[in-house]
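Written out below as structure tokens is the structure these notes cover.
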Amino acid sequence: MSLHRLLEGHRRWMEAALREAEQAFEEGEVPVGAVVVKDDRIVGRGHNCVEQLKDPTAHAEMLAITAACATLDTKYLRGCTLYVTLEPCPMCAGAIVWARLDRVVFGAFDEKAGAASTLYNILQDPRLNHRVEVISGVEAERAAALLQRFFRERRAED
């Protein structure tokens, strides 16, 4: 498969994750969205619901992983790719490793909490029993712009 076709496939699924992030934005949540894909179909989706659920673990990745496990009736997500608009934090990176996802494709880098390359690289740490392929920067500008708009509007309200 050509690099161009591969990138187009990643963009297609990142578009679905961006729609989830936009939904989070509309709900007043930090706009991060995620989808889990297996065999060319979405098997789990989620967006941040931390405020709505009053749950600090209700990150987009966690909800998408939970949904995918329910859809596939399994605790391991082998053969699956997680697409997420922001680099996973340490909590989500740990869950990704435990879920045995094959790959993570993320958009914007997270300089404050990124655990897939920026501050840490939990997903590829050789000391852990599973390593995850990481593809970064897919639709990064759009993902970052949505986050920037959210925080700019929040600051204006304060």
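So the values come out like this:
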item: Within the accessible area of the chain (1.4 Å probe), percent carbon and sulfur; result: 50 percent
item: Relative contact order computed over the chain (Cα-Cα under 8 Å; 6+ residues apart), in percent; result: 19 percent
item: Efficiency of FRET from Cβ geometry, GLU8 and LEU53, R₀ 22 Å, rounded to 0.05; result: 0.05
item: Most positive-pole-ward Cα, PHE106, TYR120, ILE96, against dipole of the range 83-158 from beta carbon charges; result: ILE96
item: Rounded tilt (10° steps) of 60-72 against the dominant C-alpha axis of the chain; result: 40 degrees
item: Solvent exposure of the chain as accessible area per residue, Å², 1.4 Å probe; result: 54 Å²
item: Only Lys, Arg (+1) and Asp, Glu (-1) charged, at Cβ; the chain dipole about Cα centre in debye; result: 500 debye
item: Segment TRP98-GLU111, length gained on full extension (0.36 nm per residue, minus Cα span); result: 2.3 nm
item: Antiparallel content of DSSP bridges confined to the range 1-106, in %, to 5; result: 75 percent
item: Extension gain from TYR76 to ALA145, taking 0.36 nm per residue of separation minus the Cα-Cα distance; result: 21.6 nm
item: 222 nm mean residue ellipticity, helices alone, for the chain (DSSP H n ≥ 4; -39,500 (n - 2.57); rounded to 500); result: -14000 deg cm²/dmol
item: Modelled FRET efficiency - R0 35 Å, ASP125 with ARG154, Cβ distances, 0.05 increments; result: 0.55
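The values are calculated or read from the model by the stated rules, or taken from the named source; none is laboratory data. This one's a predicted model, so the numbers in the text were calculated from it and none came from an experiment. Here the Cβ is made from the backbone with ideal geometry for all residues, glycine too, and neighbour counts use every protein chain on show. Remember, those area values only see protein heavy atoms, side chains included, never the ligands or the DNA or RNA. Shrake-Rupley method; radii C 1.70, N 1.55, O 1.52, S 1.80 Å.
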